[in-house]
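Note sheet for the following structure.
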Amino acid sequence: MVFKKFEELLALVDPKANKKTVALVRAEDDHALGAVAEVVEKGLIDAILIGNREAIKETAAHLGVNVRDEQILDAQTPEEAATEGVKLIREGKADFLMKGKLETAQMLRPVVNKETGLGKGKVMSHVALTEIPSYHKLVITTDGGMLPYPTLEQKKQIIENAVEVLHRLGYENPKVCVLAASETPNPKMPESMDGVALKEMNQKGELTGCIVEGPISFDLAMVKERSVTKGYESPCAGDADILLVPNVHAGNMLGKSLTEMAHAKMAGLIMGAKCPIVLTSRGSSEEEKFNSLILACIVSNK
């Protein structure tokens, strides 16, 4: 199964069978509240809005959105709002979280709390599903938002988080490309040797549910003609489903290059916790937040 556009994912959301509830943390945010309201209005999800009650009502009035009092869970500070969101997940009253008007660190602090948080004992990483006009299908870039310089073991878990997303979308064996400057292993480039190690893990059955290629350059991963020209053979060449970047800086720059210069559309989630967390940048459009909500609805299916 392959998806080319975000709009195709709507068919996977079935509110009649299993309607999801999002907990929007610090809901007094125009784009976040607008996106949630649109998805709620379509009957695809329910929402709990956490934050300052009056500020949420003012934001809703500004957007022309109807908000019921019973939808709002009053919380005066970002920290209180994030804590309440985590509590809703733990109590089974919400299926996933969404970041509103607060800093990422404020959002994640109660999530990673070892006693009362949502950790599962594994790495949490950011997964960006991207629709690029010049590419033939949706592709994931990871991790551009969480781990500054992931270790080899962390990269393995980052791949596993991304693979889980595509499995939930119906992919059987997604193709993972471990990106480096060159497809030739070079001991002086740690990213290159990590690509070799991750591919070996995959071949030995230590990293399953996917096909891993690495190291591989971006052009070979994304453009079939380049692999033909270079005589490079791999089932992943020109057909990547997941792009594993070397570090958060490369991921951030790649993601923003795709959206700002290549007119790509994106959806962003944090994976690895007990529920998906919709986390997009402060400059993200309402459309990106909408796409992220739809993705979270699908991924949160048990």
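The values are calculated or read from the model by the stated rules, or taken from the named source; none is laboratory data. All of these numbers come straight from a predicted model, not from anything done at the bench. Here Cβ is always computed from backbone atoms with ideal geometry, including for glycine, and neighbour counts include all displayed protein chains. Calculation scope for accessible area: heavy atoms of the full protein, side chains included, ligands and nucleic acids excluded. Shrake-Rupley method; radii C 1.70, N 1.55, O 1.52, S 1.80 Å.
Quick one: which residue in ALA75, ALA162 is open to solvent by less than 10 Å² (accessible area, probe 1.4 Å), among the small types (Gly, Ala, Ser) and farther than 20 Å from SER292 by Cβ?
Going through ALA75, ALA162 in turn, the sole match is ALA75.
Is there any pair linking a residue in segment 186-209 that is more than 17 Å from GLN154 (Cβ to Cβ) and open to solvent by 60 Å² or more (accessible area, probe 1.4 Å) to one that is in a helix (DSSP H, G or I) and of a type outside the set (Val, Ile, Thr), with Cβ under 9 Å and at least six apart or on different chains, and which?
PRO187/MET193; THR208/GLU160; THR208/ASN202
Starting from residues that are closer than 25 Å to GLY170 by Cβ and of a type in the set (D, E, K, R), keep the ones in segment 223-264 and report whichever is least open to solvent (accessible area, probe 1.4 Å).
Top of the filtered list is ASP241.
So which helices (runs of 4 or more DSSP H) are wholly in segment 72-180 and hold at least 3 residues that are touching a helix residue (DSSP H, G or I) at 6+ places or on another chain (Cβ under 7 Å)?
It comes to 78-90, 152-168.
Go through the residues of segment 198-210 one by one and say whether even a single one is more than 30 Å from ALA94 (Cβ to Cβ) and touching a Cys at 6+ places or on another chain (Cβ under 9 Å).
Yes.
I'd like the full set of residues that are touching a strand residue (DSSP E or B) at 6+ places or on another chain (Cβ under 6 Å), among the β-branched types (Val, Ile, Thr) and not in a strand (DSSP E or B), limited to segment 32-71.
If the condition is that a residue be touching a strand residue (DSSP E or B) at 6+ places or on another chain (Cβ under 6 Å), among the β-branched types (Val, Ile, Thr) and not in a strand (DSSP E or B), then VAL36, VAL39, VAL40, ILE56 are the ones that fit.
Got at least one residue in segment 274-287 being open to solvent by 10 Å² or more (accessible area, probe 1.4 Å), more than 22 Å from GLU38 (Cα to Cα) and in contact (Cβ under 8 Å) with a residue 40 or more places away in the chain?
yes
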